[in-house]
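Trainee: Input: one structure, supplied below.
The values are calculated or read from the model by the stated rules, or taken from the named source; none is laboratory data. Computed from a prediction, not measured in an experiment: that's the story for all the values here. Quick reminder, even Gly has a Cβ in these numbers, built from the backbone with ideal geometry, and neighbours come from all protein chains shown. Note: accessible area is taken over every heavy atom of the protein model, side chains too, but ligands, DNA and RNA are not part of it. Shrake-Rupley method; radii C 1.70, N 1.55, O 1.52, S 1.80 Å.
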Amino acid sequence: MKLLKFYLVFIAVLIAQPSFAQKDSTLVFPDSSKVMNDLYFLASDSLQGRKTNTMGNEIARKYIIQRLQKLGVSAYVQDYTQSFTFGKDMISAVNVLGFIEGYSGEDFIVISAHYDHVGMKDSTKIYNGADDNASGITALLSLAEYFRENQPENNLLFAFFDAEEMGLQGAKHFMQSVVVDTSKIIMNVNLDMVSRGDKNELYVVGTYFTPFLKPLITEAAKDKSIKLLFGRDEPKKKPNWVTASDHAPFHKAKIPFIYFGVDDHPDYHKITDTADKINPDFYLEAIRLIKEAVEIFDANLGEIVYGK
Ligand SMILES: [Zn+2]
């Protein structure tokens, strides 16, 4: 009888929950259906692997811009786009830069993820790049949505870099360009492959250089199911990811960075890096964790690093 009572209460709770969730949908973060929708679109065959200077890359870019417009995130540069060429073949590439103004000060936190991937092989094999890096782009869009509703202290610049796969070209160009005074960038948070929960672990790279960030990240992770692994940033130790993605040009400019990413997996840079391999529970938890880390950086970094 007791057991039956328990079940009845349990069922009542189950029934009650959906209506509670729907009551105040603004409290739901991240919005799982939007997240999975973005991710599946960006990793779909129709984008043909999003290689720089291809139609699929352009479709991804337009999709990102459309989403930013819909979210009410401002364009940091005209039409959100920063075009550039690189290499001896003068390959064309385009960064997308969105902006949320902070309520105090003129400093910037740059939150970045590359939207290009490696394209196709033999005109039949598509490298979907779901984890690398549709996952990072989608997480950025989700963070932009959150901070649009919850104004940060510092300016947040959402950088969707192009041509990472061709040598971090988008991030390099961004740092060389004059669109933002780099002395005002207090931090870079870079996301590259954040959705594969194969081991339920997420690497945090960069605290070797900025140990003061470690307790802030630990705080963000304290009620999360994901295991954080600090490291892969010590000089002369392998593997070393300090120059592995778009955070490298920031680090070179002596700007504190944190790179979030999962370990390499068997589908890394293979045609099998597809959306169905992603573990939504892990991915959504990773987005939650990263959002909270950014919130904590935003509230504390100025004081810790710059005494303001
Ligand atoms: Zn990548």
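Trainee: Report, in debye and to the nearest 20, how large the dipole of the range 28-306 comes out about its Cα centre when Lys and Arg carry +1 and Asp and Glu carry -1 on their Cβ.
Mentor: Working: 29 positive and 39 negative charges, 114 e Å.
Charge dipole, the range 28-306, about its Cα centre: 540 debye, nearest 20.
Trainee: Can you give me the solvent accessible area of Arg196 with a 1.4 Å probe, rounded to the nearest 10 Å²?
Mentor: Near enough 20 Å² of accessible area.
Trainee: Okay, next question. For a quick check, take a GNM of the chain with Cα springs below 10 Å and name the residue from Tyr40, Tyr103, Tyr146 with the largest mean-square fluctuation.
Mentor: Per the Cα network of the chain with a 10 Å cutoff, Tyr103 tops the list.
Trainee: Quick check on the chain: of the DSSP beta bridges with both residues there, what percent are antiparallel, nearest 5%?
Mentor: Details: 18 of 39 bridges.
Bridges in the chain are about 45 percent antiparallel.
Trainee: If you don't mind, there's one more thing I want to ask. Using a probe of 1.4 angstrom, how much of the accessible area of the chain is carbon and sulfur, in percent? Don't skip to the end; give the middle numbers.
Mentor: Numbers: 8000 of 14820 Å².
Using a 1.4 Å probe with all protein chains present, the chain comes out at 54 percent carbon and sulfur.
Trainee: When only the heavy atoms of the protein chains count and the probe is 1.4 Å, how do Arg288, Arg232, Arg67 rank by accessible area, highest first?
Mentor: Numbers: Arg288 75, Arg232 55, Arg67 35 Å².
Most to least solvent-accessible, the answer reads Arg288, Arg232, Arg67.
Trainee: Let me ask something else. Hand me the tally of lysine pairs in the range 210-253: alpha carbons under 30 angstrom apart, and the pair either on different chains or 8 or more positions apart.
Mentor: 18
Trainee: Another question about this same structure. Quick check for you: with a 1.4 Å probe and neighbouring chains kept, what is the accessible area per residue of the chain, in Å²?
Mentor: Values: 14820 Å² over 308 residues.
Counting only protein heavy atoms, the per-residue value for the chain is 48 Å².
Trainee: List, largest first, the extents of the alpha carbons of the chain along their principal axes, each in whole Å.
Mentor: Result for the chain: principal-axis Cα extents of 78, 55, 42 Å.
Trainee: Give the ranking of Ser74, Ser183, Ser112 by solvent-accessible surface, highest area first, calculated with a 1.4 Å probe. Could the numbers behind the result be given before it?
Mentor: Details: Ser74 55, Ser183 90, Ser112 0 Å².
The most accessible residue leads, giving Ser183, Ser74, Ser112.
Trainee: Oh, and also: For Thr124 and Glu201, calculate 0.36 nm times their separation in residues minus their Cα-Cα distance, and state this gained length in nm to one decimal.
Mentor: Values: separation 77, 0.36 × 77 = 27.72 nm, distance 3.31 nm.
Stretched fully, the Thr124-Glu201 segment lengthens by 24.4 nm.
Trainee: Rounded, prolate or oblate: which fits the range 135-269, taking a ≥ b ≥ c as square roots of the Cα gyration tensor eigenvalues, rounded meaning a/c under 1.5, else prolate when a/b beats b/c? Walk me through the numbers on the way to the answer.
Mentor: Values: a/c = 1.32, a/b = 1.15, b/c = 1.15.
The shape class here is rounded.
Trainee: Please report the accessible area of Ser33 (heavy atoms, 1.4 Å probe, ligands and nucleic acids excluded) in Å², nearest 10.
Mentor: 80
Trainee: Another question, then. Let me know the charge dipole size of the range 179-308 about its Cα centre in debye, to the nearest 20, where only the beta-carbon of Lys, Arg (+1) and Asp, Glu (-1) is charged. Don't skip to the end; give the middle numbers.
Mentor: On the way: 18 positive and 20 negative charges, 96 e Å.
Its charge dipole is roughly 460 debye.
Trainee: OK, next. Nearest-5 percent of antiparallel DSSP beta bridges in the range 103-166?
Mentor: 20
Trainee: Roughly how many nanometres apart are two label points built 7 Å out from the Cα toward the Cβ at Ser177 and Lys224?
Mentor: 2.9
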